[in-house]
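**Q** Before we start, here is the structure in question, set down as structure tokens.
The values are calculated or read from the model by the stated rules, or taken from the named source; none is laboratory data. Quick caveat: nothing in here was measured; it's all calculated off a predicted structure. Glycine gets a Cβ as well: all are built from the backbone with ideal geometry, and neighbour counts include every protein chain shown. The protein model used for the area step is the full one, side chains on, heavy atoms only, and it has no ligands, DNA or RNA in it. Shrake-Rupley method; radii C 1.70, N 1.55, O 1.52, S 1.80 Å.
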Amino acid sequence: LITNQFDSPEEAFRFFNSEKEGRLKKFEIKKMLRGAVTNDFIRDVVANELLKGYDVSSEDTINWEEFKVEIAAL
């Protein structure tokens, strides 16, 4: 999804980081998933799982460093 719509992971992160504070909150992650997951309930579950798995800093957000590491693993 990200590679089809954006030239780089950083461009995608900046686009979805609507509050521009350098971290993706759950509602921004759900917005990012909108193109890949059409069901609201499933999107919420996936967003929760992404936060659990990628939020190394335990801030209930995904910052750029966490995002970059996970994108590189794909």
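**Q** Among the residues of region 60-74 satisfying the criterion of being assigned to a loop (DSSP other than H, G, I, E, B) and modelled with pLDDT of 90 or more, which is farthest from I29 (Cα to Cα)?
**A** Filtering first and then ranking leaves D60.
**Q** May I pose another question? Looking only at region 39-50, filter to residues that are buried (at least 18 other Cβ atoms within 10 Å of the Cβ) and hydrophobic (A, V, I, L, M, F, W, C); which one of those is farthest from A72 (Cα to Cα)? Spell out how you get there, then give the answer.
**A** Narrowing region 39-50 to residues buried (at least 18 other Cβ atoms within 10 Å of the Cβ): 43, 47, 50.
With the extra rule that they be hydrophobic (A, V, I, L, M, F, W, C), the set shrinks to 47, 50.
Working: A47: 19, L50: 15 Å.
Across region 39-50, the extreme among qualifying residues is A47.
**Q** Could you list, ordered by first residue, the pairs with Cβ atoms under 9 Å in which the first is in region 9-38 and more than 20 Å from A72 (Cα to Cα) and the second is of a type in the set (D, E) and open to solvent by less than 30 Å² (accessible area, probe 1.4 Å), at least 6 apart or interchain?
**A** Short answer, once both residue conditions are applied: S18/E28; E19/E28.
**Q** Still on this structure, I have one more. Being under 20 Å from S8 (Cα atoms) and in contact with a Phe, Trp or Tyr (Cβ under 6 Å, 6 or more places away or on another chain), is that true of even one residue in region 50-62?
**A** Yes, region 50-62 has at least one match.
**Q** Would you tally the residues in region 52-74 being more than 14 Å from F16 (Cβ to Cβ), surrounded by 14 or more Cβ atoms within 10 Å (Cβ to Cβ) and among the aliphatic types (A, V, I, L, M)?
**A** Restricting attention to region 52-74, the residues satisfying the condition of being more than 14 Å from F16 (Cβ to Cβ) are 52-53, 55-60, 65, 69, 72-74.
From the residues that got through so far, the ones that are surrounded by 14 or more Cβ atoms within 10 Å (Cβ to Cβ) too are 55.
From what's left, among the aliphatic types (A, V, I, L, M): none.
Total meeting the criteria: 0.
**Q** Okay, next question. Taking region 19-48 on its own, how many of its residues are in a helix (DSSP H, G or I) and either closer than 15 Å to V69 by Cα or more than 11 Å from the chain's Cα centre (by Cα) (or both)? Before the answer, list the steps.
**A** Keep residues of region 19-48 that are in a helix (DSSP H, G or I), which gives 26-33, 40-48.
Next, from what is left, pick out any that are either closer than 15 Å to V69 by Cα or more than 11 Å from the chain's Cα centre (by Cα) (or both): 40-45.
Qualifying residue count for the region: 6.
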